[in-house]
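Colleague: Before anything else, here's the structure in question.
The values are calculated or read from the model by the stated rules, or taken from the named source; none is laboratory data. Fair warning: this is a prediction, and the values are worked out from it, not measured in the lab. Backbone-built Cβ (ideal geometry, glycine too); neighbour counts: all protein chains shown. Calculation scope for accessible area: heavy atoms of the full protein, side chains included, ligands and nucleic acids excluded. Shrake-Rupley method; radii C 1.70, N 1.55, O 1.52, S 1.80 Å.
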Amino acid sequence: QKMSGTEIKYTQILINNEWCNSVSGKTFTNINPSTGESVCQVQEGDKADVDKAVKAAKEAFRWNSPWRKMDASDRGRLLNKLADLIERDREYLARLETLDNGKPYKDSYNVDLGLTLKCYRYYAGWADKIHGKTIPVDGPYMSMTRLEPVGVCGQIIPWNFPLLMQAWKLGPALCAGNVVVLKPAEQTPLTALYIGALIVEAGFPPGVVNIIPGYGPTAGAAISGHPDVDKVAFTGSTEVGHLIQQAAGATNLKRVTLELGGKSPNIIFADADLDTAVEMSHFALFFNQGQCCCAGSRTFVEESIYDEFVRRSVERAKKRKVGDPFDEQNEQGAQVDQEQFDKIMDLIESG
């Protein structure tokens with residue numbers, strides 16, 4: 001089913017469980033990468049909106065707030081409720097992901113949504129199993145540790161797996177009792193905002209999850225350098241990872257978790273099943289239009305089988321079907337935006 005007739009329900013900023021426009025009044029255009037056409041206008045958050053969101057998150061995290069007083073098992077129930085709502089709306093979310101990102105609908109539905117659901121349910125189960133230790137020490141003393149939530153977590157996610165990256169960030173943070181200010185990638189904000197609506201529907205207290213669509217140099221930088229953000233988690237480029245680490249060090253030495261790019265190799269030896277090796281190497285490189293931090297972007301092949309491996313790999317690549325991501329016959333959809341398309345074409349040309 002085509003997405004063109006489907007209503008885009010959420011394009012604003014989510015702060016304190018309420019939808020609002022950006023303080024600046026600015027918006028940015030959301031583009032369908034498969035057609036290059038405008039989908040909608042999305043509110044463009046920046047430092048002023050991040051300040052509002054952090055203030056709401058701090059209030060949600062204050063001592064004796066509903067979130068801080070909530071039993072750990074109830075946090076788990078809320079995460080399971082969120083998973084239930086995602087499962088209810090799985091088809092819509094898969095189509096929205098494909099519209100926003102360009103990946104095949106069948107991958108959005110089977111892979112991205114499947115793993116997203118498993119992630120939220122996994123962390124729902126962990127919520128009441130986080131505990132400290134009692135430690136035997138000399139003398140008439142009691143020694144114990146207590147694990148407590150970090151506090152306000154800034155989270156910046158990429159465009160290659162928007163729903164899943166959001167789940168990887170929200171799941172553990174909420175499981176442990178933290179509060180969140182999350183910035184989705186400017187290329188793919190729509191499913192993140194829809195998940196925000198499901199978070200409100202599930203019953204999470206106001207201010208626990210705040211979602212600020214916007215650009216890295218403005219909204220992302222404001223999160224990284226905010227003195228009241230206790231931790232920042234980022235998935236994306238190594239270049240931006242450096243900037244986030246610097247911003248954290250220059251302000252309040254906030255904790256930082258970075259998941260950055262790599263150059264993952266496949267190594268093919270002469271005694272390998274060559275047909276399997278070709279197919280797995282093809283999948284490792286081409287899956288998700290090649291837009292994976294762990295894509296198999298280097299292949300080392302033992303010399304005695306090199307020529308045959310290359311011949312079969314070229315043959316397999318020529319058979320790959322590229323086109324409309326809503327056509328189930330196609331293996332590959334669009335690159336996420338013109339910048340990524342041009343970068344890939346430049347790499348092909350330089351090769």
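Colleague: Considering only residues that are polar (S, T, N, Q) and within 21 Å of the chain's Cα centre (by Cα), which ones fall in the stretch 21-40?
Modeller: 29, 30, 32, 34 - these are the residues of the stretch 21-40 that are polar (S, T, N, Q) and within 21 Å of the chain's Cα centre (by Cα).
Colleague: Let me confirm something: among 317, 272, which residue is open to solvent by less than 60 Å² (accessible area, probe 1.4 Å) and within 28 Å of residue 335 (Cβ to Cβ)?
Modeller: After ruling out the rest, the residue left standing is 317.
Colleague: Of the conditions (1) part of a helix (DSSP H, G or I); (2) touching a strand residue (DSSP E or B) at 6+ places or on another chain (Cβ under 8 Å); (3) surrounded by fewer than 22 Cβ atoms within 10 Å (Cβ to Cβ), residue 92 satisfies every one except a single condition; which number is it?
Modeller: (2)
Colleague: Can you say whether residue 42 is assigned to a strand (DSSP E or B) and surrounded by 15 or more Cβ atoms within 10 Å (Cβ to Cβ), as far as the supplied structure shows?
Modeller: The answer is yes for residue 42.
Colleague: Return the residues of the stretch 178-226 that are within 25 Å of residue 6 (Cα to Cα), assigned to a helix (DSSP H, G or I) and in contact with a strand residue (DSSP E or B) (Cβ under 9 Å, 6 or more places away or on another chain); say none if nothing qualifies.
Modeller: 190, 192, 193, 195, 196, 197, 199, 200
Colleague: Something else now. Please enumerate the residues belonging to the stretch 45-55 that are open to solvent by less than 60 Å² (accessible area, probe 1.4 Å) and either farther than 18 Å from residue 227 by Cβ or over 21 Å from the mean Cα position of the chain (by Cα) (or both).
Modeller: 45, 48, 51
Colleague: In the stretch 109-129, which residue that is in contact (Cβ under 8 Å) with a residue 24 or more places away in the chain and open to solvent by less than 20 Å² (accessible area, probe 1.4 Å) is farthest from residue 191 (Cα to Cα)?
Modeller: So, considering only residues that are in contact (Cβ under 8 Å) with a residue 24 or more places away in the chain and open to solvent by less than 20 Å² (accessible area, probe 1.4 Å), the one farthest from residue 191 (Cα to Cα) is 127.
Colleague: Select from the stretch 206-221 the residues that are surrounded by 24 or more Cβ atoms within 10 Å (Cβ to Cβ) and of a type outside the set (Gly, Ala, Ser) and list them in ascending order.
Modeller: Within the stretch 206-221, 208, 209, 210, 211, 212, 213 qualify.
Colleague: Kindly establish whether residue 168 is of a type outside the set (Val, Ile, Thr), part of a loop (DSSP other than H, G, I, E, B) and closer than 27 Å to residue 89 by Cα.
Modeller: no
Colleague: Also: Working only within the stretch 56-69, note down all residues that are in contact (Cβ under 8 Å) with a residue 40 or more places away in the chain and either on the phi > 0 side of the Ramachandran plot or surrounded by 17 or more Cβ atoms within 10 Å (Cβ to Cβ) (or both).
Modeller: Result: 56, 57, 58, 60, 61, 65, 67.
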